[in-house]
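Quick notes on the structure that follows.
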Amino acid sequence: MSSQIIPVEPFDYVVFGGTGDLAERKLLPALYHRQLDGQLSDPTRIIGASRSVLSHEEYRKFAQDALKEHLKKGEYDEAQVKTFTDRLFYIPVDAKSDSGWDQLKSLLDEGKDRVRAFYLAVAPAIFGDISEKIRDHKLITKTTRIVVEKPIGRDLASALELNDTIGKVFKEEQIFRIDHYLGKETVQNLMALRFANTLYEPLWNSSYIDHVQITVAESVGLESRAGYYDKAGALRDMVQNHILQLLCLVAMEVPPSMNAEAVRDEKLKVLRALKPITPGNVEKLTVRGQYKAGASAGGAVKGYLEELDGGVSNTETFVAIKAEIGNWRWAGVPFYIRTGKRMAGRMSEIVVNFKPIPHSIFDEAAGRIAANQLIIRLQPDEGVKQSLMIKDPGPGGMRLRNVSLDMTFAEAFNARSADAYERLLLDVVRNNQTLFMRRDEVEAAWRWVDPILKAWEAVGQQVQAYTAGTWGPSQAIALIERDGRTWHEVI
C-alpha cells in the first residue's frame, strides 16, 4: 500500500543562513524530495538569505551542487532539478543592518497571499536581530511562521531571554521550534504503537514495564563543531532537547486527540514530573565521560583534547543518567538515558524492557526465559522489534527460544524513508505544530537540566575517560548494572 501524497498550498520559504551547512545538507535536499513526490504547488518559492553576495543564478548553482553532493544515487533528476532550482531566489541580507531588507520585501510582496515561512538556520545570537528586522520591514502577514533551530539557550535564563525576544515579534502560534528527531518516522510510529493498538497501552505502566533505555550514540567526533561543542557538552547538546523529547513521547499520558496542544500538554506534564537531580544525588545518578584516542570506522582517531589542539577541558562528550518520573504511571520505573560521541557505532533507539513472567511452568531443560523487549530504532535502520519467547521447532521436548518480530520500514514498505526535515518543513506550511516544541516545554526541560549542570559544578564531578570506539566509560556500565540491569548494545 502506498501513502497518499497531498500537495500543500503555494508558499514562500525564506532561509536565513541559506548558504550554510544546514541549508546545503538538509533543507534544500528535503524540499527537493518534496517536489519529487509532488507536494510543492506553483508558484512556491525558496529564498536564500545571508551576508554572502550572490545572484539568483549563483545561488541556483550552489543548490545544484548541494543536491549533487548530498542526494543518494538515482535521486538526482536533471529535469526535476531544473524545475526545483527555478523556484530558488537569493537576497544578500545583513541581520545587523538594513542592508538587503528592502529587496527582500519587494520580492516577498509579489506573493502577499501565500504562506510565508522564515527559517532561522543561523546562530541563536542573531535570532532576535532577524526577528526585529522582519517586524520593522513589515514582512509579517496573517500566514507568517518562523522556524528556529536548537540550541534554544544554553541554560534556563538564556532560554527565557531568547523566547522573550522572539515572542515580542511573533505570537506563540507562529513560532515553530524545530527538533528534527521528532520528525523521524519511527518517533511517530511510537505514538501509533501506543495509541492505535489495544496491545500495548494496558501494559504501558509500572505494573508491567521494568525499565526504559534511551540511547543516542554517535561514532563521529567534533568534526567542525569544536568551538560550539566545548561550550555546550553532551547534556546541553543532546539531552535537553532530543532525548527529553523522546522520553516525553514514551512516558506521556494518552492525549484526548492528536491536536498539537493536546499532545504538547501531555509532554509538558512529563517534564514537570521528572524527579530533580541535586548535589546530593548527582554522582549516583549521572556519569560524565570524555573520549580519548582509540579506533573508529576502521582507523585510529584522536582523543577529544587532541581535537581541541591540546587544550584542557572538563566538557563531557558522553553522559548517562538514571531519570525517574514522579507520577502514578511510572512510579519506580527508571529511565536510563545515554548519549555520546566516538562510541562503538551510530545508533539511536528506545528499548522498553518489560518485567519477567511471575512464575515459570517450564523445567530448567527448556532454557532461560528472557523478559520481553520492545525496541524502537530511529537510526541507522528505522524499525520496530518485539522480542517474544517461542518453542524451538522440532521434536525432543520443550526448548524455548527468544525471537524478534522485526519490522524494518525500508523492507516492510519497500519505499524510501523520508528525512525528518521533509516532514517538518511542510508541517510548518500546514501550520501543524504537533511535532514542534512549545515555549513552556523548552523551559521545563531547562528547569530539569539546569540543576544537573549546577550540581556537577557544586560537587566538582569530573569527566571519566573512555576509549573512542567503545560504549562509554565503565562508570556508565556500573550505573545500570548495580540495579541488576544491563545496556542494550546490539548494533
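The values are calculated or read from the model by the stated rules, or taken from the named source; none is laboratory data. Keep in mind the model is a prediction, meaning the values are calculated, not measured. Cβ sites come from the backbone with ideal geometry, for glycine too, and all protein chains shown count toward neighbours. Just the protein is used for accessible areas: all its heavy atoms, side chains included, with ligands, DNA and RNA removed. Shrake-Rupley method; radii C 1.70, N 1.55, O 1.52, S 1.80 Å.
Considering (1) of a type outside the set (Ser, Thr, Tyr); (2) touching a residue at least 40 places away in the same chain (Cβ under 8 Å); (3) closer than 27 Å to Asp427 by Cβ; (4) touching a strand residue (DSSP E or B) at 6+ places or on another chain (Cβ under 8 Å), the lone condition that His33 does not fulfil carries the number (4). Asp265 meets all of the listed conditions (1) open to solvent by 20 Å² or more (accessible area, probe 1.4 Å); (2) more than 20 Å from the chain's Cα centre (by Cα) but one, namely (2).
Reported count of residues in the range 128-166, each being of a type in the set (A, V, I, L, M) and over 20 Å from Gly100 (Cα atoms), is 9.
One residue stands out in the range 307-333 among those that are of a type in the set (Asp, Glu) and open to solvent by 50 Å² or more (accessible area, probe 1.4 Å): the one that is modelled with the highest pLDDT, namely Glu324.
Does the range 394-414 contain any residue that is touching a helix residue (DSSP H, G or I) at 6+ places or on another chain (Cβ under 8 Å) and crowded, with 20+ Cβ neighbours inside 10 Å?
For the range 394-414, residues touching a helix residue (DSSP H, G or I) at 6+ places or on another chain (Cβ under 8 Å) and crowded, with 20+ Cβ neighbours inside 10 Å: absent.
The combined condition, being closer than 27 Å to Arg346 by Cα, of a type in the set (S, T, N, Q), modelled with pLDDT of 95 or more and under 26 Å from the mean Cα position of the chain (by Cα), is not fulfilled by Thr408. Across the range 334-364, what is the number of residues that are open to solvent by 10 Å² or more (accessible area, probe 1.4 Å), under 18 Å from the mean Cα position of the chain (by Cα) and among the β-branched types (Val, Ile, Thr)? Qualifying residue count for the region: 0. Among the residues making up the range 185-211, those that are open to solvent by 30 Å² or more (accessible area, probe 1.4 Å), outside any helix (DSSP H, G or I) and either within 22 Å of Ile152 (Cβ to Cβ) or of a type outside the set (Ser, Thr, Tyr) (or both) are Ala196, Asn197, Leu199, Asn205, Asp210.
Write out, first by first residue and then by second, each pair whose Cβ atoms fall under 8 Å of each other, whose residues are 6+ apart or on separate chains, and whose first residue, in the range 163-175, is in contact (Cβ under 8 Å) with a residue 12 or more places away in the chain while the second is of a type in the set (Val, Ile, Thr) and open to solvent by 40 Å² or more (accessible area, probe 1.4 Å). Matching pairs, first to second residue: Val169/Ile140; Phe170/Ile140.
Of the residues making up the range 450-473, just one is small (Gly, Ala, Ser), within 16 Å of Gly280 (Cβ to Cβ) and open to solvent by less than 30 Å² (accessible area, probe 1.4 Å), namely Ala455.
I need the helices (runs of 4 or more DSSP H) fully contained in the range 248-356, keeping only those with at least 3 residues that are without any contact (Cβ under 8 Å) to a residue 60 or more places away in the chain. Ranges flagged: 260-273.
Within the range 228-236, does at least one residue satisfy the condition of being modelled with pLDDT of 95 or more, surrounded by fewer than 22 Cβ atoms within 10 Å (Cβ to Cβ) and among the aromatic types (Phe, Trp, Tyr)? Checked against the condition, which is being modelled with pLDDT of 95 or more, surrounded by fewer than 22 Cβ atoms within 10 Å (Cβ to Cβ) and among the aromatic types (Phe, Trp, Tyr), the range 228-236 yields no hits at all. Among the residues of the range 129-180, those identified as among the polar types (S, T, N, Q), open to solvent by less than 20 Å² (accessible area, probe 1.4 Å) and part of a helix (DSSP H, G or I) are Ser131, Asn163.
With respect to Ser207, is the statement that it is modelled with pLDDT of 95 or more and farther than 24 Å from Arg177 by Cβ true?
Spelling it out, Ser207 is indeed modelled with pLDDT of 95 or more and farther than 24 Å from Arg177 by Cβ.
Between a residue in the range 464-491 that is within 13 Å of Met347 (Cβ to Cβ) and any residue that is open to solvent by less than 50 Å² (accessible area, probe 1.4 Å) and basic (Lys, Arg), which pairs come within a Cβ distance under 8 Å, given they are 6 or more apart or on different chains? From the range 464-491, the pairs are Gly472/Arg338; Trp487/Arg338.
Quick check, is Phe335 over 30 Å from Arg225 (Cβ atoms) and of a type in the set (A, V, I, L, M, F, W, C)?
no
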